[in-house]
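J.: First the structure, then my questions, so here it is.
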Amino acid sequence: MAVTVTEKFESRPTTIGRSSTIDLRYNVAGTDDDQAAWTALAAAAPVAYNGLVRESVAIEPVGPGLWDGTARYVPAGKVERDPPAVGETAVTFDTSGGSQHITQSITTVGRHGMSGDTAPDLGGAIGVTHDAVEGVDITVPVFNFTVTKVFASGSLPNPGTIFALTGKVNSGAFSVTDSRTGLTISLAAGECLFRGGQFSGQRGDGSAEFSYAFAGSPNRTNITIGSITVPSKKGWEYLWVRYVDTVDDGAKALVKKPRHAYVEKVYEDGDFSGLGIGG
């Protein structure tokens, strides 16, 4: 006998507000098997309804071969994700802006002076005074992401390894994939900074959840600073500029201009395979 799913007349009770919900209610008939009844209902109920997304599908027996079924719909941001199972990896990220102090512009789009006065070429230096290059604070994208994994009781990562890798940059390519969504984050050597780990507690079966915090910064090539070209800089290396006093003949002025650029290694490299995630 085929399983049938029919929406009830009293279906679609709706709550509109801070916790909006809609319930679609069904009769499921033709089987005494709870799994078959649930599967049929899940196939029949839409995954989204009236701007909301399906949060749950539930069945309840009411007689031989007959079930009450309910599909509940909530705003997308209200759907709770079940805790990851043993071996699963969950990835979250944000790219909210951060602040960075710079002393060089990407390019100078205009130089202007009073009538009869030529503004000197400063080579892109920002906020040049007689004694210094003051620069400016700008908003830049910051890529922070967290990786959470549940380890089986016999394969927990070594806390000493986690501690030793904190503040290190990936020595090789590093990637991690969310087990459920398939979202993958891949970073080349030098682009990923490990900010530290957190033990979130042991479960009843002896497994344990660890959360790791990372930050990403892209590697760059052929960086132009005035008349200087920096061939390459890894994401977490530090680039700074030395300025010297230079005579600008056109403006007849003594100005500070970029003369030398330095790329400094400020974080040690680390092998992230010891964290037990990604590759």
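J.: Give me the distance in nm between label points sitting 7 Å out from Cα along the Cα-to-Cβ direction at Thr224 and Arg180, one decimal.
T.: The answer from the label model is 4.7 nm.
J.: Taking the Cα centroid of the stretch 124-171 and of the stretch 1-42, what is the distance between the two, rounded to the nearest whole Å?
T.: Computed from Cα coordinates, the inter-centre distance equals 48 Å.
J.: May I ask which residue of Gly276, Gly154, Leu41 lies farthest towards the positive end of the charge dipole of the chain, with charges of +1 (Lys, Arg) and -1 (Asp, Glu) on Cβ and the Cα centre as origin?
T.: Farthest towards the positive end: Gly276.
J.: Here's a follow-up. In debye, nearest 20, what is the charge dipole magnitude of the chain about its Cα centre with +1 on Lys and Arg Cβ and -1 on Asp and Glu Cβ, if you could check?
T.: The calculated dipole for the chain is roughly 560 debye.
J.: For the chain, take the longest principal axis of its alpha carbons; what is the angle in degrees between that and the long axis of helix 34-44, to the nearest 10 within 0 to 90?
T.: The answer is roughly 60 degrees.
J.: Starting from the Cα of Asp33, move 7 Å in the Cα-to-Cβ direction to define the label point; list residues of the stretch 51-77 whose amide nitrogen is under 15 Å from there.
T.: 65-66
J.: Placing unit charges on C-beta atoms (Lys and Arg positive, Asp and Glu negative, everything else neutral), compute the dipole magnitude of the stretch 1-113 about its Cα centre in debye, rounded to 20.
T.: That gives the stretch 1-113 a dipole magnitude of about 780 debye.
J.: Here is a further query. Provide the net charge surrounding Val169, with neighbours chosen by a C-beta distance below 14 Å and charges set as Lys +1, Arg +1, Asp -1, Glu -1.
T.: Once all neighbours under 14 Å are counted, the net charge is -1.
J.: Which value, in debye to the nearest 20, gives the size of the charge dipole of the stretch 7-58 about its Cα centre, when Lys and Arg are +1 and Asp and Glu are -1 at the Cβ?
T.: Taking the Cα centre of the stretch 7-58 as origin, the dipole is about 340 debye.
J.: Got a sec? Charge dipole of the chain, +1 on Cβ for Lys and Arg, -1 for Asp and Glu; which of Ile16, Phe143, Trp236 is way out at the positive end?
T.: Trp236
J.: Write out the GluC sites (Glu not before Pro) in the stretch 25-132 meeting two conditions: DSSP loop, and at most 10 other Cβ atoms within 10 Å of their Cβ.
T.: Glu80
J.: As an exercise, use a Förster radius of 35 Å and the Cβ-Cβ distance of Glu55 and Phe163 to find the FRET efficiency, rounded to the nearest 0.05.
T.: My answer for the efficiency is 0.35.
J.: Per-residue ellipticity at 222 nm for the chain, helices alone: DSSP H runs ≥ 4 residues times -39500 (n - 2.57), over residue total, nearest 500 deg cm²/dmol?
T.: -2000 deg cm²/dmol
J.: Are there trypsin sites (Lys or Arg not before Pro) in the stretch 121-184 that DSSP puts in a loop and that have at most 14 other Cβ atoms within 10 Å, and which ones?
T.: Answer in residue order: Arg180.
J.: I would also like to ask the following. May I ask which residue of Val86, Ala208, Val176 lies farthest towards the positive end of the charge dipole of the chain, with charges of +1 (Lys, Arg) and -1 (Asp, Glu) on Cβ and the Cα centre as origin?
T.: The one lying farthest along the dipole's positive direction is Val176.
J.: From the square roots a ≥ b ≥ c of the eigenvalues of the alpha-carbon gyration tensor of the stretch 113-251, which class results: rounded (a/c under 1.5), prolate (a/b over b/c), or oblate?
T.: Prolate is the answer for the stretch 113-251, as a/c is 1.5 or above and a/b outweighs b/c.
J.: Within a Cβ distance under 12 Å of Thr221, other residues only, what is the Lys/Arg minus Asp/Glu net charge?
T.: Net charge around Thr221: +3.
Quick note: the coordinates plus some simple rules give every number you see, no bench work behind them. Because the structure is predicted, anything quoted here is derived from the model rather than measured. Glycine also receives a Cβ, built like all others from the backbone with ideal geometry; neighbour counts cover every protein chain displayed.
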